[in-house]
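The values are calculated or read from the model by the stated rules, or taken from the named source; none is laboratory data. In this text, all values refer to a predicted model and were calculated from it rather than measured experimentally. Every residue, glycine as well, gets a Cβ built from its backbone with ideal geometry; the counts of neighbours run over all protein chains shown.
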Amino acid sequence: MIDLHQPQMSDVGGITSPLRYATFRHIWLASLLSNLGLLIQLVGASWAMTEMTSSADKVALVVTALMLPVMLIAMPAGAVADMYDRRIVAVVALSIALSGATTLTAIDWLGLNTPNLLLVLCFVVGSGMALMGPAWQSSVSEQVPAEALPAAVALNGISYNIARSFGPAIGGIVVATGGAVAAFALNALLFLPLMAALLLWKRLAKPPRLPREQLSRAILSGMRYISNSPSIRIVMARAMVTGLIGCSYSALMPLVARDLLHGDAQIYGIMLGAFGLGAVIGALCLGEVRNRMSGEAAVRACTLSMGGAIAAVALSREPVLTATALVLAGAVWTMTTTLFNIGVQLSAPRWVLGRALAAYQAASSGGFAIGAWGWGRLTDAAGVEVALLSSAALLMISPLLGLWLRMPRINALSQEAEVLADPEVRLPLTYRSGPLVVEVEYRVAPENARAFHNLMQDIQLSRQRNGAYGWSIARDIADPELWTERYHCPTWLDYLRQRTRWTQSERALDKQAVTFHIGPDPVRVRRMLERPFGSVRWKEDVPDRTASELLLFESEHGENQ
């Protein structure tokens, strides 16, 4: 078991160790510039909106327009990242974002910008980055060895937060001297180094052993994996709630600068820079926090601190005090979100990693996008100070969620087990043959019945994560030692995929179940084809074609199910 707070970086030389790997280093440096450009654009877009309208709702919608695409297309983006070459997916996604940024620059330069058009083009840029996110994040495991992965994840967070430390301040200066159009143009230019780094990456992709899934099936299999992974579900729920109630600082920061501090675009940039500086400090301190505190304790401490910092921002009228509070807010916000991200990365195997990260991004960004809209509406009704104090109060009570959704200890599921050989069959099959029924018979001593049954609940989740449905466990009433596990796979191809998806932890569960088996004979496995009409090609010499027939495959040992 790996707890979220256990350090994993010291083995490879600390948090900077992933930079030893050239591919990761080049992409990381280029992504730093890209993040810098995005934050400069955010400053320009937010300030341009404040100049075009006095509506707090519209100002807050700039953040929503950039974040909402992550919620809307996250799962398809994750499925695409798992199905296709992640480098190519990232290049295509970055091209979409670049086209949106270029168009926004041209329209603003021509004086044709409007609030609605600004939101639409921010949505286009956000869509490109939403499509890129799962491919980029899941490809980190291909750029560094497994032991350096937590450090690489933290470094990616630092990349964004280094940009946030300087980007908003630079954005404020750019907007103050050259207008919003200069910020938009600079963002478009800063996309280019990342495009070059991705094009130069010589990714060594293993040819798929089985045919690629269809997009719709890949999305469903990702959703099935997540729904049967309690750890990932809890992390997603906590991330969504935290984003929903804690995003007020970002959504309302232009109004804090304008209405509470009575400043201009430069003050706005400095305030965001203070938050980003705190975020860098938080990322650098994350390892020590994970050493000293459990995942749940760390999240509680960070959300309480975040609530206090936002309350200070709401009550302050002095830029120095506000900036100090934002440094604290940035540090604890980054610690919280990085803990969530590392938890997901360590929980999901590579075959579904893009979809798991996409679902996490959808949850956190969806909460962020909806929260930004909500805080904007509350600000229109009651003012900036009331909205920020309400957000602070909700953050202060959010640790109570830990009573029901406690941050989990994470199984090391990401290390995939050795792929089993395909079982030998004596029936002509195609990939579409199915459904397939698998039955596994165990003999268990009566005194071990409860322990065996409890273990089988974990095995149920394991089977269902990897593609099985209709799982059941039954005990023979005439022979109480005999237990039968039964589950279905839609097709023969789905069954073969299931056998390639097992991780070492899931394989260990199977082996543990086999240790309960008693008797001279091994665990018995039956694989049967439940034959609907037309699903199997029959030879002319096979007379019986009844649709309800079950055809028995060979029996094998339990560890080769």
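Only one of the numbered conditions (1) over 23 Å from the mean Cα position of the chain (by Cα); (2) in a helix (DSSP H, G or I) is not met by residue 302, and that is (1).
Among the residues of segment 87-112, what is the count of those that are under 25 Å from the mean Cα position of the chain (by Cα) and either of a type outside the set (Gly, Ala, Ser) or at positive phi (or both)? Total satisfying the criteria: 8.
Within segment 129-149, restricting attention to residues that are among the small types (Gly, Ala, Ser) and buried (at least 23 other Cβ atoms within 10 Å of the Cβ), the residue that is farthest from residue 100 (Cα to Cα) is 148. Restricted to segment 317-415, the set of helices (runs of 4 or more DSSP H) holding at least 1 residues that are touching a strand residue (DSSP E or B) at 6+ places or on another chain (Cβ under 6 Å) comprises 319-347. When residues in segment 466-509 are screened for being over 28 Å from the mean Cα position of the chain (by Cα) and either on the phi > 0 side of the Ramachandran plot or not hydrophobic (A, V, I, L, M, F, W, C) (or both), 12 of them pass. Here residue 195 clears all of (1) modelled with pLDDT of 85 or more; (2) buried (at least 19 other Cβ atoms within 10 Å of the Cβ); (3) within 25 Å of the chain's Cα centre (by Cα); (4) more than 27 Å from residue 351 (Cβ to Cβ) except the condition numbered (2).
Considering the conditions (1) on the phi < 0 side of the Ramachandran plot; (2) modelled with pLDDT under 90; (3) not aromatic (Phe, Trp, Tyr), residue 534 is excluded by exactly one of them, (1).
Each row is one residue, and each column tells you yes or no for (1) crowded, with 24+ Cβ neighbours inside 10 Å; (2) modelled with pLDDT under 85; (3) in the same structural domain as residue 156 (by TED's automatic domain parsing); (4) among the aromatic types (Phe, Trp, Tyr).
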| position | (1), (2), (3), (4) |
| --- | --- |
| 2 | no, yes, no, no |
| 16 | no, yes, yes, no |
| 19 | no, no, yes, no |
| 23 | no, no, yes, no |
| 26 | no, no, yes, no |
| 31 | no, no, yes, no |
| 36 | yes, no, yes, no |
| 44 | yes, no, yes, no |
| 53 | no, yes, yes, no |
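Return the total of residues in segment 55-103 being touching a Phe, Trp or Tyr at 6+ places or on another chain (Cβ under 6 Å) and either among the β-branched types (Val, Ile, Thr) or not assigned by TED's automatic domain parsing to the domain that holds residue 116 (or both). Qualifying residue count, segment 55-103: 1. Comparison of 344, 384 shows that the only residue that is touching a helix residue (DSSP H, G or I) at 6+ places or on another chain (Cβ under 6 Å) and at pLDDT 85 or above is 384. Residues in segment 456-465 that are touching a residue at least 12 places away in the same chain (Cβ under 8 Å) and under 27 Å from the mean Cα position of the chain (by Cα) were compared, and the one that is surrounded by the fewest Cβ atoms within 10 Å (Cβ to Cβ) is 458.
A quick yes/no check of all residues on (1) more than 25 Å from residue 39 (Cα to Cα); (2) in contact (Cβ under 8 Å) with a residue 40 or more places away in the chain; (3) not assigned by TED's automatic domain parsing to the domain that holds residue 142:
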position: 283; (1), (2), (3): no, yes, no
position: 293; (1), (2), (3): yes, yes, no
position: 325; (1), (2), (3): no, no, no
position: 339; (1), (2), (3): no, yes, no
position: 355; (1), (2), (3): yes, yes, no
position: 362; (1), (2), (3): no, yes, no
